[in-house]
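FYI, it's all coordinate maths here, none of it is from the lab. On a predicted model such as this, the values are computed, not experimentally measured, just so you know. Glycine also receives a Cβ, built like all others from the backbone with ideal geometry; neighbour counts cover every protein chain displayed.
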Amino acid sequence: MGDAYELLRDATLGELALLTFLAFGMPFSFMAGVSWVLSKVVGLKAEPDRRALLTVLPAYIAVTLLSVFGMAGASFWPLIFPLAGAPIALIIYWFWRRDFRSRWYENDDEMPDGTTLENDDWKIGLLAIISLVVVAAIKVILTRDM
């Protein structure tokens, strides 16, 4: 941890901003992306609290494992990502929980007229994710050639 102090003590404002982005922005963007993918395929029939947990927890574990094993030679980075990722995971959990609870009905009688149930088949969610990736890849290829 001594070299972390040296790094922060002599850092300019731009370097501190970059370190802040690395510590908070990278785990946030990774967890947000992974949790979005998981929200389409995991726990589709689970209650909102459990579904949000099943959506966010694997993303947080992945960030932690990638930082610990991926940066094993670095001095303090393996500790920063799990620590900075914990409040980020709570924020993402709150977001997904709020979203899932807003669309949750205990039984079919509570549903307003004209409201349809979402598809609870994980294969449909996986197909939607693959379709989105294919469309994005086609767009990148077409815009790169122009």
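Points worth noting:
- Using the Cβ-Cβ distance between Arg98 and Val68 with R0 = 30 Å, the FRET efficiency computed as 1/(1 + (r/R0)^6) comes to roughly 0.50.
- Counting only the Cα atoms, the range 2-103 fills a convex hull of 93 Å³ per residue.
- Rounded to 0.05, the FRET efficiency of the Ala46 and Ser131 pair, given R0 = 25 Å and the Cβ-Cβ distance, is 0.55.
- Contact order for the range 2-103, expressed relative to its length and based on alpha carbon pairs under 8 Å spaced 6+ residues apart, stands at 32 percent.
- Here each label is just a point 7 Å from Cα along the line to Cβ, and for Ile124 and Thr143 those points are 3.0 nm apart.
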